[in-house]
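Working notes, structure below.
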Amino acid sequence: MTQSPVRALVTGASSGIGREFAQQLANQGYVVTVVARREDRLRELLATLPGAGHTLLAADLSSSQGLETLLEYISSERIHLLINNAGYSVLEPFYQSELGKQQNILDVNCRAVVTLAHAFLGQAERGDALINVASIVSYLPTPAQPMYSASKAFLAAFSECLWSEQQSRGVYVMGLCPGVTRTEFISTATGGESDGDTLPAAFIQTTDAVVKEALAALRKRRKAIVVTGRLNRLMMLMPRLLSRHRLIKILAVMGDPERAL
Ligand SMILES: NC(=O)c1ccc[n+]([C@@H]2O[C@H](COP(=O)([O-])OP(=O)(O)OC[C@H]3O[C@@H](n4cnc5c(N)ncnc54)[C@H](OP(=O)(O)O)[C@@H]3O)[C@@H](O)[C@H]2O)c1
């Protein structure tokens, strides 16, 4: 009997961490479905992936239509691994920024994740897995990015609770928390003004390192929250050692774009 393929769906695969997930998963024999708005990028990615059966879905995850496209796909295909990776930030003072722009962060970073997680878990079977890409910012809120920090805190709590809920079903849920990673993230957040080159190199991980750690943790299926990078894990001591008040004051300085970027 021929074995059916193990399919992974990766959102935000047109660049950065999502693209790397698609590549490493394809290298491991997964059949991947890649999702993002930039179809040309997805097409170019598919052409580089080893193996057969990979496919793309061009969709804007902030729109109802985009989500509908994915919901239809999930109801018609057997997905074994969902990676809710698409996400972004806007580095602008919240009160000066357009409300719609800020709300759109919630749509992509939270609403889409909840919608896809719900559809995926409804069809999931023992052995399947869900990875929600959160951030160390989930635990280290950065005042320069209120909506982003809040959205990632939501994702960490959401993932931890689902991790517990799904244990009895044998479905593994992970909240992945990378720190600063070399991608298009900072360029998008600053509207192209910076690509984060001025940040200390010791703080920056490659997408290769982040995804390797994530996939190693996926094989172990133990932790609800996976923080990548030794320095990032060290930084996670801050919320334990400092009062909330002091933590926010320090992160306001550390995360100040005028200083850091
Ligand atoms: N880089 C970091 O320092 C860092 C640290 C911690 C966590 N993260 C998280 O890692 C995840 C991936 O980010 P990245 O660093 O790889 O950044 P990136 O290179 O900018 O990639 C972001 C991806 O999200 C997709 N995306 C954004 N808005 C979308 C929308 N409305 N609909 C569909 N797709 C959309 C983008 O595709 P299109 O533009 O083609 O739609 C792109 O593929 C995010 O959740 C981010 O919050 C990043």
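The values are calculated or read from the model by the stated rules, or taken from the named source; none is laboratory data. Keep in mind it's a predicted model, so treat the numbers as computed, not measured. Positions of Cβ are backbone-derived with ideal geometry, glycine not excepted, and every protein chain shown enters the neighbour counts. Note: areas computed on protein heavy atoms with side chains; ligands, DNA, RNA excluded. Shrake-Rupley method; radii C 1.70, N 1.55, O 1.52, S 1.80 Å.
The relative contact order of the stretch 7-260, computed from alpha carbon pairs under 8 Å that lie at least 6 residues apart in sequence, is 18 percent.
Is the shape of the stretch 182-261 rounded, prolate or oblate, going by the alpha carbon gyration tensor and its root eigenvalues a ≥ b ≥ c, with a/c under 1.5 for rounded and a/b larger than b/c for prolate? Please list the in-between numbers first.
Values: a/c = 2.47, a/b = 1.18, b/c = 2.10.
In terms of gyration-tensor shape, oblate.
Listed by chain and number, the lysines whose C-alpha is less than 18 Å from the C-alpha of Lys152, apart from same-chain residues fewer than 8 away, are Lys101, Lys223.
What number, rounded to the nearest 500 deg cm²/dmol, is the helix-based mean residue ellipticity at 222 nm of the chain, given -39500 (n - 2.57) per DSSP H run of at least four residues and division by all its residues?
On the way: 12 runs with 120 residues, N = 261.
Using -39500 (n - 2.57) per qualifying helix, the result is -13500 deg cm²/dmol.
Taking each residue as 0.36 nm, the span from Glu184 to Thr55 lengthens on full extension beyond its C-alpha to C-alpha distance by 44.2 nm. Taking every protein chain into account, the 1.4 Å probe leaves Lys152 with about 10 Å² of accessible area, to the nearest ten.
Please find the FRET efficiency linking Glu39 to Val114, where r is the Cβ-Cβ separation and R0 is fixed at 41 Å, and quote it to the nearest 0.05. Provide the component values of the computation, followed by the final result.
Details: r = 25 Å, r/R0 = 0.60.
Taking R0 as 41 Å, the efficiency between Glu39 and Val114 is 0.95.
The Cα-based radius of gyration of the stretch 7-260, divided by its Kirkwood radius, gives an Rg/Rh of 0.95. Let me know the shape class of the stretch 1-154, please: from the alpha-carbon gyration tensor, a ≥ b ≥ c as square roots of the eigenvalues, rounded when a/c is under 1.5, otherwise prolate if a/b is greater than b/c, or oblate. Note, shape of the stretch 1-154 comes out prolate. Relative to the present Cα-Cα distance, how much length would full extension add between Ser76 and Arg230 at 0.36 nm per residue of separation? That works out to 51.4 nm of additional length. Indicate the gyration tensor shape class of the stretch 97-170 (rounded, prolate or oblate), computed on the Cα atoms with a ≥ b ≥ c the square roots of the eigenvalues: a/c under 1.5 is rounded; otherwise a/b larger than b/c is prolate and the rest oblate. Since a/c reaches 1.5 but b/c is at least a/b, the shape of the stretch 97-170 is classed as oblate. Against the criterion of solvent-accessible heavy-atom surface with a 1.4 angstrom probe, Arg7, Arg259 sort, most first, into Arg259, Arg7. Dipole magnitude for the chain: about 1120 debye, using +1 per Lys or Arg Cβ and -1 per Asp or Glu Cβ, origin at the Cα centre.
Other residues within the sphere of radius under 15 Å centred on the Cβ of Arg219, judged by their own Cβ, net out at +3 (K and R +1, D and E -1). Put a dot 7 Å past the Cα of Ser63, heading toward its Cβ, do the same for Thr48, and the two dots end up 2.7 nm apart. Label separation (Lys101 vs Lys220): 4.1 nm, computed from points 7 Å beyond Cα along the C-beta direction.
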